[in-house]
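Readers should treat all values here as calculations from the given coordinates under stated rules, not as data from a laboratory. Fair warning: this is a prediction, and the values are worked out from it, not measured in the lab. Heads up, the Cβs are rebuilt from the backbone with ideal geometry, glycines too, and the neighbour counts pull from every protein chain shown.
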Amino acid sequence: MEKISGLNNNATRMLTGFIMGTITMGCIMYGGIALLILLAIIIFFASKEYVKILEHKGFYPSLKIMILGEALLAAIAYFQRFDLVAVALTFGCMCSFLWVLFRGRQPYIANVSTTLLGFVYCGWFPLHLLFLRNLSSEQFHDGLGFVVMMFTSILLTDIGCYYAGRHLGKHKLAPVISPNKTIEGSIGGAICAVIGAMIVGAFLGVEWYLSFTAGILCTTFAQLGDLSESLIKRDAGVKDSGNSLPGHGGFLDRTDSFIFTIPVMYYFCKFFIFQTDNIGQIINFIKGLF
């Protein structure tokens with residue numbers, strides 16, 4: 001019976017992953033409003049899970065303020081109005097304070113802080129995927145190929161970490177936060193991610209050292225994002241962020257590796273791949289030091 005149950009769980013996990021992957025890649029390839037709707041759904045459920053996790057810790061961030069701030073940031077991201085980001089963050093910060101000030105129950109500064117963290121962590125970071133997808137230059141038509149590079153690196157990081165950790169893992173990576181992760185697994189995931197990034201980069205016509213760097217950044221921040229979500233859950237005393245996705249837990253559990261990686265990949269591509277003159281400036285600066 002246990003074997004049958006395990007097979008059923010694996011089948012459910014694979015089916016859920018296939019459906020999620022198909023919908024996600026379809027929206028990413030189409031871009032525009034389809035990608036915005038996908039992100040809005042993910043952000044909404046991730047925000048609800050985040051609030052629920054924090055409530056286990058005794059904190060009560062405002063989901064309404066988070067959703068309001070995330071909606072404003074989503075509109076800014078969709079219309080590429082970078083000049084309004086500071087306005088949205090200022091507005092969100094003030095609303096967080098006012099909500100706690102006039103709520104009349106548990107007027108703790110921690111509720112302000114966790115609300116602010118929530119709409120940045122669950123909303124603003126993932127919304128960088130719109131920026132990455134919309135990048136363009138004379139050499140590269142758009143950022144689709146680099147989104148694929150990032151997804152490939154993260155997927156291979158998970159696979160490499162699992163198999164290397166299972167067969168070679170001996171030394172704990174973060175025993176207090178995530179006792180099942182090992183240093184050997186982390187290195188295995190990094191190697192797989194870099195190889196994947198360089199293969200995708202070769203198809204895109206990206207210089208090998210840029211693809212190598214992108215792979216290193218993706219696997220590093222994917223693993224840091226995973227550990228960061230584990231930190232939140234362990235501190236709150238919960239195992240999974242939710243049960244919205246059969247076989248995968250919650251939306252935060254499924255997207256934790258992307259939350260840090262998306263903005264890092266965007267800024268790297270923007271300043272070092274789509275604006276190649278920055279590389280020359282850095283090289284000249286280094287030469288000037290010697």
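Quick look at the numbers
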| quantity | calculated |
| --- | --- |
| Equivalent ellipsoid semi-axes, the stretch 135-282, via Cα gyration tensor eigenvalues times 5, rooted, Å | 30, 17, 13 |
| Exposure rule at most 16 other beta-carbon atoms within 10 Å, DSSP loop GluC sites (Glu not before Pro): the chain longest free segment | 1-137 |
| Cα centroid of the stretch 40-101 to Cα centroid of the stretch 128-190, whole Å | 26 |
| The stretch 186-193 - phi-based ³J(HN,Hα) in whole Hz, Karplus 6.51/-1.76/1.60, Gly and Pro as x | 4, 5, x, x, 5, 4, 4, 5 |
| 5 angstrom amide H check on Ala174, placed H, neighbours 5+ away | Lys181 |
| Gyration tensor (Cα) of the stretch 31-134, equivalent ellipsoid semi-axes in angstrom | 25, 15, 9 |
| Pairs of lysines in the chain (C-alpha under 18 Å apart; 8 or more residues apart or interchain) | 13 |
| Trypsin sites (Lys or Arg not before Pro) within the stretch 167-230: DSSP coil, no more than 11 neighbouring Cβ in 10 Å | Lys170 |
| Residues Lys239, Lys52 arranged by fewest to most Cβ contacts within 10 Å | Lys239, Lys52 |
| Gyration tensor over alpha-carbon atoms, the stretch 202-250, equivalent ellipsoid semi-axes in Å | 33, 14, 5 |
| Quarter of Cα convex hull surface for the chain, i.e. mean projection, nm² | 18.2 |
| Candidates per chymotrypsin sites (Phe, Trp or Tyr not before Pro) in the stretch 39-120, loop by DSSP, up to 15 other Cβ within 10 Å | Phe79, Tyr108 |
| Over the chain: helical MRE at 222 nm, DSSP H runs n ≥ 4 each giving -39500 (n - 2.57), nearest 500 | -25000 deg cm²/dmol |
| Sorted by Cβ density within 10 Å, fewest first, the residues Asp142, Asp83, Asp226 | Asp83, Asp142, Asp226 |
